[in-house]
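The values are calculated or read from the model by the stated rules, or taken from the named source; none is laboratory data. None of these values were measured; they are calculated from a predicted model. Heads up, the Cβs are rebuilt from the backbone with ideal geometry, glycines too, and the neighbour counts pull from every protein chain shown. Ligands, DNA and RNA are stripped out before the accessible areas are found, and what is left, the full protein with its side chains, is counted by its heavy atoms. Shrake-Rupley method; radii C 1.70, N 1.55, O 1.52, S 1.80 Å.
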Amino acid sequence: MPHVAIRLENVHLSLGSGAARVHVLKGISLDIGAGEAVGIIGPSGSGKSTLLMVSAGLEPADSGLVQVAGQDLSRLDEDGLARFRGRNVGIVFQSFHLIQNMTALENVAVPLELAGRADAFERAAEELARVGLAGRTGHYPAELSGGEQQRVALARALIVEPAILFADEPTGNLDARTGSQIVELLFAMHRERGTTLVLITHDATLAARCDRTIAMRDGRLDATPELQVAAQ
């Protein structure tokens, strides 16, 4: 059995307060192997993006075990979680989350700058070249297309050479052709680097490109036949 990159055991999480409090994750138990590509699908509100946030150490679980790259995340404070993510986790979001007053090169260099790396800009230039943007290093996000911005976001996620790459609807803001290019790049980087890939998507066809597909519904893992068939 491969080494386990992510282990969740009976994870619960509620968000909001008072009458508006919602039980989002309801007893999630899941193992994801190192180097595995897993697609997580489900309808809007099923909890799949929240599952990513918990697994990436961005949202603490109320109860249950969240173990990532061998680390029990509940044992880390905020600073410890930030350091852990900086070493082990890369995240690509639907809306890019680039810093608007920084160039592509500066955006990609940020994680290594925060880590005190002297070669941050050299490495950033290398990563941008690997995603096909060697000629766009000095451009600001507003000067880049959506597809180019997502390539910058992918380069920034990969610059720390993370053990685990999370992608939350990475093609959601892109047209079909550009989205297809980003998907090909995402899977190429996964194969090339042996990174564990956790892909959150509503697209069952895209999820089916992963080694395994996991369906969610109403905060739980869903093994109903109709969802499993749709994911194949």
* Being farther than 30 Å from E148 by Cβ and open to solvent by 60 Å² or more (accessible area, probe 1.4 Å) is the filter here, so list the residues in the stretch 55-82 that pass it. => P60, D62, S74, R75, D77, E78, D79
* To do: Please work out which residue is nearest to the chain's Cα centre (by Cα), limiting yourself to the stretch 101-117 and to residues that are open to solvent by 60 Å² or more (accessible area, probe 1.4 Å) and closer than 18 Å to Y140 by Cα.
  => E106
* With the checklist (1) of a type in the set (S, T, Y); (2) crowded, with 16+ Cβ neighbours inside 10 Å; (3) in contact (Cβ under 8 Å) with a residue 60 or more places away in the chain in hand, flag the one item S95 doesn't pass. => (2)
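Results for (1) part of a loop (DSSP other than H, G, I, E, B); (2) under 15 Å from the mean Cα position of the chain (by Cα); (3) without any contact (Cβ under 8 Å) to a residue 12 or more places away in the chain, shown as yes or no for each residue.
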{"site": "L30", "(1), (2), (3)": "no, no, no"}
{"site": "T50", "(1), (2), (3)": "no, yes, no"}
{"site": "M53", "(1), (2), (3)": "no, yes, yes"}
{"site": "P60", "(1), (2), (3)": "yes, no, no"}
{"site": "G64", "(1), (2), (3)": "no, no, no"}
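Could you identify the single residue in V38, V4 that is in contact with a helix residue (DSSP H, G or I) (Cβ under 9 Å, 6 or more places away or on another chain) and under 27 Å from R209 (Cα atoms)?
When all the criteria are applied, what remains is V38.
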* Which ones in the stretch 32-44 are in contact with a strand residue (DSSP E or B) (Cβ under 9 Å, 6 or more places away or on another chain), outside any strand (DSSP E or B) and not acidic (D, E)? -> A34, G35, G42, P43
* Are any of the residues in the stretch 16-23 open to solvent by less than 10 Å² (accessible area, probe 1.4 Å) and either in a strand (DSSP E or B) or within 21 Å of L81 (Cα to Cα) (or both)? -> no
* Asked: Restricting attention to the stretch 118-144, and to residues there that are of a type in the set (D, E) and part of a helix (DSSP H, G or I), which single residue is least open to solvent (accessible area, probe 1.4 Å)?
  -> E127
